[in-house]
Amino acid sequence: MRRRPERLLQLKTESLFYVFLASVLMINAYYGIRLGRGEFFKYTCFWIFNACAIWSFCYLAEYGGKAFLTGINRVVKVNIGVQLLIYLSGHGRIFREYWGAIRYQGTFNDPNQLAFFLFMMILLLYLYRCRFGDRSFPVFYVLVLPVIAASKSTGILLGFFVFTILAVLYGLYQIGCKKGVSVKVWILGICMGVLIFGLFLWWIWPAADFDVKTVDYNMLTRIQEKIWKVAHGGLLGLFLDRGMEKLVLYPQYLLYGAGEGSFDRFTLASQVNEIHCCLFSVMFCYGLIPTSCLLVWLGRKLRRIDAAMTCAVIGLLAESFFLVNYRQPMFWMILLYGSVAGGCRGGDV
């Protein structure tokens, strides 16, 4: 039998999220009126839209049970198939760097958006597989690889890599526990994995005079470019590349928030755009207390997920440290999937 859906607007369970949302409304309204900039209200609308998407997803998942999540699973597979067909047909859009190099962006306005979309599709398929089982997951995992590689998004690649490694390790751990694999075999396997990764880094390590504009522009050279920036500029180079210097130049906003918008007012920063890190961007825009409320609320939701689902969440969080994707509803769907699917079973239709 279907469970009767709980009231999603209960203040007892969702109060911290409402506190954060109210803070977003007040802080952005204050700066929008004070500075006379309408973009603050635009970003407020993004948060309201995401809140509605969260409520809708949780309600439909609770009410529809497995049937609703199975429907999402089918749509996800269609999305992957469509993007792959567009890529293979050669009709996808192309993004050109200022020196002429190209990146594939499919039907999206930005290569990172395409890669993020496909990454979310894979995570949704994986989470469904964890809860209900789906043998077709490896097939669709392989199908997205060439399209993500063509997008040349290193931030998404990091999240994809972290997710893949954790999922494989967890799968091997389960197999090892069933077969009674000894500790020595585990230690040997870990050492071999570290050695292989070290050899790969040694092989791709860029030369001191590396310049991405003078080599074949692909995912590998994009990785080399990021390594070169860190190796020659240290973490400061990565810090500046993500726009995080605002955290140091304007630390007062970490307390009470700078509002989300009008980023050109931070004249001391080397870049006028937003901070390319979900956590630090939210903290800088809305302050410590609202961000803490959001994190505690999210932490309570994540307690309900199992170890297998944690692989997807960690992969997404790793990616979120280098890109700003919290305005996408799918970002929150991944984080909340375990909490809403926890009560669904194979017979809950």
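The values are calculated or read from the model by the stated rules, or taken from the named source; none is laboratory data. It should be emphasised that the depicted structure is a prediction, and the values quoted were computed from it without experimental measurement. Using ideal geometry, Cβ is built from the backbone for each residue, glycine included, and neighbour counts are taken over all protein chains shown.
For the range 205-222, which residues satisfy the criterion of being farther than 22 Å from Leu145 by Cα and crowded, with 16+ Cβ neighbours inside 10 Å?
Pro206, Phe210, Val212
Quick one: which of Leu143, Leu118, Leu69, Leu124 is modelled with pLDDT of 95 or more, over 16 Å from the mean Cα position of the chain (by Cα) and not β-branched (Val, Ile, Thr)?
Exactly one residue qualifies, and that residue is Leu143.
Going by what's in this entry, would Asn109 be described as under 20 Å from the mean Cα position of the chain (by Cα), surrounded by fewer than 21 Cβ atoms within 10 Å (Cβ to Cβ) and under 20 Å from Arg135 (Cα atoms)?
no
Could you check, for the range 155-170, whether at least one of its residues is touching a strand residue (DSSP E or B) at 6+ places or on another chain (Cβ under 7 Å), in a helix (DSSP H, G or I) and surrounded by 12 or more Cβ atoms within 10 Å (Cβ to Cβ)?
Scanning the range 155-170, I find no residue that is touching a strand residue (DSSP E or B) at 6+ places or on another chain (Cβ under 7 Å), in a helix (DSSP H, G or I) and surrounded by 12 or more Cβ atoms within 10 Å (Cβ to Cβ), so the answer is no.
Under 7 Å between Cβ atoms, which residue pairs at least 6 apart in sequence (or on different chains) link something in the range 101-114 that is closer than 15 Å to Glu225 by Cβ with a partner that is of a type in the set (Lys, Arg) and buried (at least 21 other Cβ atoms within 10 Å of the Cβ)?
Short answer, once both residue conditions are applied: Arg103/Lys152; Pro111/Arg103; Pro111/Lys152.
If a residue has to be modelled with pLDDT of 80 or more and part of a loop (DSSP other than H, G, I, E, B) to count, how many in the range 217-244 make the cut?
3
Determine the pairs where a residue that is touching a residue at least 24 places away in the same chain (Cβ under 8 Å) and of a type in the set (Asp, Glu), located within the range 244-258, has a partner that is part of a loop (DSSP other than H, G, I, E, B) and buried (at least 18 other Cβ atoms within 10 Å of the Cβ) with Cβ atoms under 7 Å apart, the partner being 6 or more residues away or on another chain.
Filtered contacts from the range 244-258: Glu245/Ala269.
What are the pairs with Cβ atoms under 6 angstrom where one residue, in the range 321-337, is farther than 15 Å from Phe117 by Cα and among the hydroxyl-bearing types (Ser, Thr, Tyr) and the other, located anywhere, is part of a helix (DSSP H, G or I) and modelled with pLDDT of 90 or more? Sequence gap at least six, or different chains.
Tyr337/Leu127
Scan (1) in contact with a Cys (Cβ under 7 Å, 6 or more places away or on another chain); (2) part of a loop (DSSP other than H, G, I, E, B) for the single condition Val340 breaks and write down its number.
Single failed check for Val340: (2).
Could you please let me know if Leu317 is surrounded by fewer than 21 Cβ atoms within 10 Å (Cβ to Cβ), out of contact with any strand residue (DSSP E or B) (no Cβ under 9 Å at 6 or more places or on another chain), among the hydrophobic types (A, V, I, L, M, F, W, C) and in a loop (DSSP other than H, G, I, E, B)?
no
Would you point out the residue of the range 200-216, among those that are under 14 Å from Ala101 (Cα atoms) and either of a type in the set (Ser, Thr, Tyr) or part of a helix (DSSP H, G or I) (or both), that is nearest to the chain's Cα centre (by Cα)?
Val212
Look through Ile275, Ile305, Ile334 and report the one residue that is touching a Gly at 6+ places or on another chain (Cβ under 8 Å) and more than 25 Å from Met26 (Cβ to Cβ).
When all the criteria are applied, what remains is Ile305.
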